[in-house]
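Written below as structure tokens is the structure these notes are about.
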Amino acid sequence: RQKCPAFPEIRILFQGDLLEAINRDFGSLENLKTALSAKTVAVQGSGWGWLGYNRTGERLELAACANQDPLEPTTGLVPLLGIDVWEHAYYLQYKNVRPDYVNAIWSVVDWANVAERFAAARAN
Amino acid sequence: AEMKFATLFCFVLLSYGSIDALDIPEQLQKLLKIQKPAEEAPYELPALDFGYDSLEPFIDAETVQIHHRGHHAGYTKKMNAILKQWSDKGENEDLLAQPIVDILKNGNEIPIEFRENLQNQGGGFINHAWYWATLSPLDDSTAERKPIGTVAAAIEQRYGKFELFQKEFTETASKFFGSGYVWLCQVAPSNVLQVITFPNQMTPFAFDLKPILVLDVWEHAYYLKHQNRRSNHIDDWWHVVDWKKVEDVARAWNDEGAKSKDEL
């Protein structure tokens with residue numbers, strides 16, 4: 001995706017209510033990134049870190065799942081954004097330095113897609 | 001399916017406390033280079049018996065180096081950090097004074113705030129030591145790599161012939177899902193052999209098992225050279241398994257001393 005000169009993520013997030021929900025449930029986008037990065041890096045072995053939507057509680061939540069355990073059947077959360085930390089997702093470029101990969105992945109997150117999933121999850 | 005059942009079975013029994021975790025003989029700890037250091041000194045990263053490029057062309061130098069200096073060293077460092085935090089806390093000092101292998105045998109007595117983390121990091125420290133301990137470079141004097149001594153006899157007794165054991169081990173390693181290790185263990189008390197997998201950094205000796213050989217199938221063990229082709233990694237690994245070392249480990253478990261080199 002082409003980037004706007006300033007705050008591309010914020011521009012996309014303002015297209016929906018996603019940024020409002022992030023601010024409400026995490027305090028800020030930076031807080032979300034910090035928390036999800038930490039949770040994802042901490043996965044033991046193979047797995048994924050997730051931003052998900054709790055339909056019952058009507059809020060965003062974070063989760064980590066082992067191996068290929070799917071988010072919704074495992075936790076009930078609707079998947080909005082997943083970060084794969086099986087070593088195959090990063091090893092050739094980042095070797096054992098998983099934190100560098102997780103920090104870098106935020107540059108290529110498609111927030112428009114995340115916002116669409118969020119809107120769909122809320123609508124259901 | 002049989003392997004999953006065996007692992008689950010061990011889980012269940014351990015949780016009910018009806019399996020005695022084994023003592024790891026001091027001699028075996030020395031062989032693996034995981035014995036407790038003097039006084040309050042931290043554990044050191046076990047040194048390899050060979051250079052980083054010595055396992056070429058089978059295991060590539062970059063993998064051996066990152067595996068040892070990145071992953072194994074990372075587990076060692078983090079384990080030491082947790083042990084230090086625990087020491088600062090001053091709780092259950094009798095257990096803390098034990099070698100890490102004995103601490104992990106008594107997982108339920110590790111203070112809860114350190115337990116899972118220490119099992120992961122300590123497991124990583126031990127498991128990688130086991131992996132390196134049965135590998136060696138090929139040299140001119142090496143004929144084909146086949147089991148010797150008591151291990152050879154046990155394999156023949158259990159599997160009929162080496163090739164059948166190798167097939168089962170290889171298939172188990174290929175099918176294993178996620179991060180983990182494939183172990184060949186003697187099962188107490190009869191020492192019958194069993195191929196068994198454990199996920200992540202779980203350690204078999206906490207489950208009445210005496211591991212004598214292990215293959216690391218975490219992706220970091222092979223991804224640089226083989227990418228997703230784990231089968232090629234398994235094939236490569238067989239070339240560098242040192243059956244003299246495996247025999248030494250088996251004898252160290254069974255308290256017969258590491259005599260295999262002298263006897264040959």
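Summary table
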quantity: Some residue of the stretch A:71-86 being open to solvent by 50 Å² or more (accessible area, probe 1.4 Å) and within 12 Å of chain B (Cβ to nearest Cβ); calculated: no
quantity: Residue in the stretch B:116-136 that is in a helix (DSSP H, G or I), open to solvent by 10 Å² or more (accessible area, probe 1.4 Å), among the small types (Gly, Ala, Ser) and within 13 Å of chain A (Cβ to nearest Cβ) present; calculated: no
quantity: Lone unmet requirement of (1) without any contact (Cβ under 8 Å) to a residue 60 or more places away in the chain; (2) within 12 Å of chain B (Cβ to nearest Cβ); (3) in a helix (DSSP H, G or I) for A:Gly45; calculated: (3)
quantity: Residue list for the stretch B:205-237, filter: within 12 Å of chain A (Cβ to nearest Cβ), outside any strand (DSSP E or B) and not hydrophobic (A, V, I, L, M, F, W, C); calculated: B:Glu219, B:His220, B:Tyr222, B:Tyr223, B:Lys225, B:His226, B:Gln227, B:Asn228, B:Arg229, B:Arg230
quantity: Hits in the stretch B:239-256 (condition: of a type in the set (Val, Ile, Thr) and in contact with a helix residue (DSSP H, G or I) (Cβ under 8 Å, 6 or more places away or on another chain)); calculated: B:Val246, B:Val249
quantity: Selection status of B:Gly160, more than 21 Å from B:Leu55 (Cβ to Cβ) and touching a Ser or Thr at 6+ places or on another chain (Cβ under 7 Å); calculated: no
quantity: Yes/no for B:Ala250 being in a helix (DSSP H, G or I), within 24 Å of A:Val43 (Cβ to Cβ) and under 14 Å from the mean Cα position of the chain (by Cα); calculated: no
quantity: Qualifying residue in the stretch B:171-179 (condition: at pLDDT 95 or above, touching a His at 6+ places or on another chain (Cβ under 6 Å), more than 26 Å from B:Asn80 (Cα to Cα) and within 14 Å of chain A (Cβ to nearest Cβ)); calculated: no
quantity: Hits in the stretch B:147-201 - residues which are part of a loop (DSSP other than H, G, I, E, B) and surrounded by 13 or more Cβ atoms within 10 Å (Cβ to Cβ); calculated: B:Pro147, B:Ile148, B:Phe176, B:Gly178, B:Ser179, B:Ala188, B:Asn191, B:Asn200, B:Gln201
quantity: The lone exception for B:Leu213 - which of (1) closer than 23 Å to B:Leu45 by Cα; (2) open to solvent by 10 Å² or more (accessible area, probe 1.4 Å); (3) of a type outside the set (D, E, K, R) it fails; calculated: (2)
quantity: The stretch A:97-124 residues that are under 30 Å from B:Thr63 (Cβ atoms), paired with ones that are in a helix (DSSP H, G or I) (beta carbon under 6 Å, 6 or more apart); calculated: A:Arg98/A:Val41; A:Pro99/A:Val41; A:Asp100/A:Tyr94; A:Tyr101/A:Tyr94; A:Val102/A:Ser37; A:Val102/A:Thr40; A:Val102/A:Val41; A:Trp106/A:Lys33
quantity: Failed condition for B:His71, given (1) open to solvent by less than 40 Å² (accessible area, probe 1.4 Å); (2) closer than 24 Å to A:Gln93 by Cβ; (3) touching a Leu at 6+ places or on another chain (Cβ under 7 Å); (4) in a helix (DSSP H, G or I); calculated: (3)
quantity: Selection from the stretch A:95-118 of residues that are within 14 Å of chain B (Cβ to nearest Cβ), part of a helix (DSSP H, G or I) and surrounded by 16 or more Cβ atoms within 10 Å (Cβ to Cβ); calculated: A:Arg98, A:Tyr101
quantity: Evaluation of A:Thr56 against (1) surrounded by fewer than 16 Cβ atoms within 10 Å (Cβ to Cβ); (2) away from chain B (no Cβ under 14 Å); (3) in a helix (DSSP H, G or I) (one fails), failing number; calculated: (3)
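The values are calculated or read from the model by the stated rules, or taken from the named source; none is laboratory data. A quick note: this is a predicted structure, and the numbers were derived from the prediction, not measured. Quick reminder, even Gly has a Cβ in these numbers, built from the backbone with ideal geometry, and neighbours come from all protein chains shown. Ligands, DNA and RNA are excluded from the accessible area calculation, which covers all protein heavy atoms including side chains. Shrake-Rupley method; radii C 1.70, N 1.55, O 1.52, S 1.80 Å.
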